[in-house]
Amino acid sequence: MSQLQSLPIEYHRNIQAWEKQKIVDRSAEAVWAVADNFILSVLPQVLIFITLLISGFIIDPLFTLICIAFLPFWVLGVYYFWNQAHSNQRIANKKWDRMYDRLLDGIVNIPIIRIFARTKTEYGIMHSRLDEWSNAQFSVRKNWSQFNAFGRFFTIIAKLITISGGWILLYADRTDYATLFFFIAFTDRIYSPIMELFNVVQASMRDIAYYEKAREVFMMQSESDHGTILLKNIKSSTTFQNLSFSYPSSPREVLTDIHFEIKKWERVALIGHTGSGKSTIIQLLMRFYEPTQWHIRIDGTDIYDFTLESYRQKFAAVFQDTTLFNETIRHNLEYVRDNITDTMLKKACKQANILEFIESLPEKWETQVGERGLKLSWGEKQRIAIARAILADPEILILDEATSALDTRTERLVQDAFDHLMRWRTSIIIAHRLSTIMSADTIYLMDHGRIVAKGTHSELNNSSKEYKEMVDMQHDGF
């Protein structure tokens with residue numbers, strides 16, 4: 001679990017939540033299953049094989065070599081069928097995951113399926129993916145059937161060689177009947193542990209394939225943290241220099257030659273149409289991606305020279321899609337800092353215009369908010385997120401479309417809470433609504449990854465055609 005938490009943000013962007021949950025669940029099950037099989041089945045069979053081999057060489061080394069003459073060929077055949085079965089099992093697991101993902105998608109999107117009367121279509125999709133998995137799993141079963149037939153065939157061949165060799169040795173007075181009968185039984189038994197081993201492997205094949213998938217995650221490089229300087233406080237400014245960037249998964253340049261400076265306690269707004277690069281700037285500022293040729297500096301020091309923990313402790317954020325832990329209101333508020341007192345909680349919640357609501361609840365601070373905060377309204381979640389940010393006491397505050405989904409009345413409450421939150425803090429605001437950005441000291445208008453204009457609201461309204469068009473297109477915010 002700690003490895004998943006430490007992976008770069010790009011991994012989490014590309015993998016769905018339930019896929020990561022499956023990796024954790026199934027890798028844990030696979031480890032226990034493989035460990036149980038090793039201790040209860042594999043280890044005893046290995047000991048039996050070694051004991052038999054030693055006993056055979058003590059009784060008659062030549063006869064033992066005759067008995068195991070086909071063993072190398074047998075092992076090569078086993079290795080071949082193992083590779084085939086393992087490869088097909090990995091394919092079958094992918095088909096199963098594809099079917100499972102669609103099943104979860106179908107459960108989540110039941111209202112959409114019903115609204116558009118696509119129930120039969122969904123059945124068809126699921127049936128198709130079930131067939132794909134069944135066919136892939138059939139290939140695995142076919143490999144194991146071939147392996148079992150191969151093992152039995154070579155065991156019979158080995159017995160025939162043992163009997164033939166034994167009669168030759170007997171005829172040459174090199175052995176006796178008792179030894180001959182011992183080695184006939186020995187031949188039957190020496191191959192059995194190996195057959196048993198691969199029967200165990202067959203039973204554990206799916207677990208092994210899932211463990212390998214989890215192992216790929218465990219071997220991934222964790223998020224970079226090579227900084228050595230502790231960031232104690234921000235004294236003057238945050239500077240963006242030569243900011244050009246493309247996401248690792250796409251060659252398209254998202255940002256091109258961005259230059260600007262945010263002074264301490266300044267309120268800066270980034271505006272522009274969807275896809276203009278606003279949120280990417282925030283992700284780079286938060287060190288979610290490694291730099292290539294760009295620089296972001298705080299008080300003249302590159303942000304990657306700071307230790308990751310001390311750096312991120314200076315930030316707090318309120319996003320459009322606020323999520324909360326499936327815990328109590330108290331837990332969600334206290335999560336951001338240690339040693340938060342009840343007095344601090346109440347003060348922060350009062351500033352966020354949420355204290356009265358919390359104290360009106362039957363369980364007050366111990367109220368469970370539900371998964372992702374689903375037991376609360378959007379505005380209630382936003383105000384709890386604001387209280388959480390106040391308690392974090394950041395030096396740099398990020399507001400990313402934090403009021404875009406709110407009605408006018410709730411927005412007023414949230415906006416008033418923002419005024420408390422942004423006081424004596426450097427603030428970076430991403431918004432479309434005019435009401436959210438009018439108070440900004442500097443507004444940067446972005447288009448296709450570039451800054452095309454900057455100024456205050458009144459300056460841009462007079463000087464920028466694009467900005468004026470955005471203002472004119474809305475009634476109470478864009």
Worksheet item: Spin-label point model (7 Å from Cα, Cβ direction): what's the S249 to T341 distance in nm?
Response: 4.6 nm
Worksheet item: What are the residues whose amide H is under 5 Å from the amide H of T322, where those residues sit 5 or more places off or on another chain and H is modelled from the backbone?
Response: none
Fill in: Highest-first arrangement of 389-396, 335-342, where packing means the average Cβ count within 10 Å
389-396, 335-342
Worksheet item: Amide H to amide H, which residues 5 or more places from E266 or on other chains are under 5 Å from it, using H placed in the peptide plane?
Response: S427
Practice prompt. Could you calculate the FRET efficiency of I161 with L103 from 1/(1 + (r/R0)^6), where r is the beta carbon distance between them and R0 is 45 Å, rounded to 0.05?
Written response: 0.30
Discussion item. List the residues, sorted by chain then number, that are 5 or more residues from V452 or on another chain and whose placed amide H is less than 5 Å from its amide H.
Written reply: L445, M446, D447
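Dipole magnitude of segment 96-168 about its Cα centre, charges +1 at Lys/Arg Cβ and -1 at Asp/Glu Cβ only, in debye to the nearest 20?
200 debye
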Worksheet item: With charges set only on the Cβ (+1 for Lys and Arg, -1 for Asp and Glu), what does the dipole of segment 257-398 come to about its Cα centre, in debye to the nearest 20?
Response: 360 debye
Discussion item. If I model a spin label as a point 7 Å beyond the Cα along the Cα-Cβ vector, how far apart are those points for Y79 and T239 in nm?
Written reply: 6.1 nm
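Could you tell me what % of all Cα pairs in segment 327-391 have separations over 18 Å?
Numbers: 473 of 2080 pairs.
Everything past 18 Å amounts to 23 percent.
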Worksheet item: Of the listed peptides 104-116, 145-157, what is their order by residue-averaged count of other C-beta atoms within 10 Å, with the highest listed first?
Response: 145-157, 104-116
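Every number here is computed from the coordinates shown, using simple stated rules; none is lab data. Note that the coordinates shown come from a computational prediction; the quantities given were computed from them, not determined experimentally. Glycine gets a Cβ as well: all are built from the backbone with ideal geometry, and neighbour counts include every protein chain shown.
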